[in-house]
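Please read the structure below before turning to the comments.
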Amino acid sequence: MSIPGPYAAMKKEHPDLVGAYEAFGAECAQAGPLDGKTGAMLKLAISLGAGLEGAAHSHARKALEAGCTREELLHVAVLCAPTIGFPGMMRGRGWVQDVVGNGP
């Protein structure tokens, strides 16, 4: 996975700050019983619900790395519809498709 330029620059400029942020994320992931794949799908869903395009792209890539399939990630997006509405789901689904592609 390629690291986005702004994140790489922040890490170079403020390594301790980004290191603490990354350690915090790792501790959160280990704080409970969810496996990596489930956690990855939840983070994607949270990003979609919050309307955070960059985070949605990032978490879609990370979810693929965690073993999620294209179909699972598109299903996560569809599951958002009753909560965030159809237009919000379509927006988020498009962000997932940016990462996984539009094909079958």
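With all protein chains kept in place, the per residue accessible area of the chain amounts to 63 square angstrom at a probe of 1.4 angstrom.
Packing, as the average of other Cβ atoms within 10 Å across residues, places the peptides 5-17, 29-41, 76-88 in the order 76-88, 29-41, 5-17, highest first.
At a 1.4 Å probe radius, carbon and sulfur cover how many percent of the accessible area of the stretch 30-104? Carbon and sulfur together cover 61 percent of it. Remark: accessible surface ordering of R93, R70 (largest first) is R93, R70, probe radius 1.4 Å. What the phi angles of the stretch 38-50 give under the Karplus curve with 6.51, -1.76 and 1.60, with θ = phi - 60°, is a coupling list of 5, x, 5, 5, 5, 5, 4, 4, 5, 4, 5, x, 7 Hz, glycine and proline written as x. Mean projection of the Cα convex hull over all viewing directions, computed for the chain: 7.0 nm².
The values are calculated or read from the model by the stated rules, or taken from the named source; none is laboratory data. Every value quoted in this text rests on a predicted model; they were computed, and no experiment measured them. Backbone-built Cβ (ideal geometry, glycine too); neighbour counts: all protein chains shown. When the accessible area is computed, the model is the full protein with side chains, heavy atoms only, and any ligands, DNA or RNA have been set aside. Shrake-Rupley method; radii C 1.70, N 1.55, O 1.52, S 1.80 Å.
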